[in-house]
Amino acid sequence: MEEGQGIQKQPIVSVVIPVHNEEKWIAACLESVLRRDAFTDKEIIVVDDASSDRTNEILADFPVAVIRNNKPVGPSSARNIGVKEARGRIVVFIDSHCIIEDSQWMEKFLSFFRDPEVGAVARYF
C-alpha cells in the first residue's frame, strides 16, 4: 500500500508535549511548532495530564495526537506516556509554555544527530 492509503510513513521525529491546565499557553506553543517550522517529517503528541480547564477544547483545533489521562501523573510520567506512543526515531520534548521562535529549530536540533556518537541533545533556555 502506498502512503495515503491507510498506512502512514514513520516520522523521523516525535514531538511530545505534556500539558495540565495549559489553556493560556498551549495554542501559542502548538502554533510555534507547527507554523514556524518547515520540517514536516514529524508527529506531535500532546499528553493531557487530566486538565480541567479548556485545554482539550483548544487541542481539538490542532492536527496533533492527543492522549488523555484521567488522573494527573505529573509532567515526567506524561512524557513517558508520550514516548510509548511515539513512532519517530528521535523524540523531542517541549513544555507547553514554550514558544519556538527559530524557524530552523528542528533542522538545527537534528544536525547534532549526524554524529553517530550522539545519543541525546538538551537545550536549556
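Just to be sure before I move on: is G88 under 22 Å from K24 (Cβ atoms), surrounded by 12 or more Cβ atoms within 10 Å (Cβ to Cβ), touching a residue at least 12 places away in the same chain (Cβ under 8 Å) and of a type outside the set (A, V, I, L, M, F, W, C) in the structure I sent? Judged against the criteria, G88 is not a match. Tell me whether the range 101-116 contains one or more residues that are out of contact with any helix residue (DSSP H, G or I) (no Cβ under 6 Å at 6 or more places or on another chain) and hydroxyl-bearing (S, T, Y). Among the residues of the range 101-116, at least one is out of contact with any helix residue (DSSP H, G or I) (no Cβ under 6 Å at 6 or more places or on another chain) and hydroxyl-bearing (S, T, Y), which makes the answer yes. Among all residues of the range 103-111, there is none that is within 23 Å of N21 (Cβ to Cβ) and either in contact (Cβ under 8 Å) with a residue 40 or more places away in the chain or touching a Gly at 6+ places or on another chain (Cβ under 8 Å) (or both). The residue that is modelled with the lowest pLDDT, among those in the range 27-38 that are of a type outside the set (G, A, S) and more than 11 Å from the chain's Cα centre (by Cα), is D37. Is at least one residue of the range 82-102 at pLDDT 90 or above, in a helix (DSSP H, G or I) and under 20 Å from R123 (Cα atoms)? Taking every residue of the range 82-102 in turn, at least one turns out to be at pLDDT 90 or above, in a helix (DSSP H, G or I) and under 20 Å from R123 (Cα atoms).
Looking at the structure I just gave you, is V83 surrounded by fewer than 16 Cβ atoms within 10 Å (Cβ to Cβ) and hydrophobic (A, V, I, L, M, F, W, C)? In short, yes. Confirm whether I45 is outside any loop (DSSP other than H, G, I, E, B), touching a Gly at 6+ places or on another chain (Cβ under 8 Å), at pLDDT 95 or above and not hydroxyl-bearing (S, T, Y). Answer is yes for this residue.
Conditions tested, residue by residue: (1) within 14 Å of I99 (Cα to Cα); (2) surrounded by fewer than 18 Cβ atoms within 10 Å (Cβ to Cβ); (3) in contact (Cβ under 8 Å) with a residue 24 or more places away in the chain.
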residue: S14; (1), (2), (3): no, no, yes
residue: N21; (1), (2), (3): no, yes, yes
residue: L30; (1), (2), (3): yes, no, yes
residue: R35; (1), (2), (3): yes, yes, no
residue: V46; (1), (2), (3): no, no, yes
residue: D49; (1), (2), (3): no, no, yes
residue: A60; (1), (2), (3): no, yes, no
residue: N69; (1), (2), (3): no, yes, no
residue: P75; (1), (2), (3): no, yes, yes
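Considering V92, V64, V83, V121, which residue is under 13 Å from I17 (Cβ atoms), touching a Phe, Trp or Tyr at 6+ places or on another chain (Cβ under 8 Å) and β-branched (V, I, T)?
Being under 13 Å from I17 (Cβ atoms), touching a Phe, Trp or Tyr at 6+ places or on another chain (Cβ under 8 Å) and β-branched (V, I, T) holds for just one of V92, V64, V83, V121, which is V92.
Just so you know, in the range 103-125 the residues that are of a type in the set (A, V, I, L, M, F, W, C) and assigned to a helix (DSSP H, G or I) include one that is surrounded by the most Cβ atoms within 10 Å (Cβ to Cβ), and it is M106.
The values are calculated or read from the model by the stated rules, or taken from the named source; none is laboratory data. In this text, all values refer to a predicted model and were calculated from it rather than measured experimentally. No Cβ is skipped: glycine too gets one built from the backbone with ideal geometry, and neighbour counts run over all protein chains shown.
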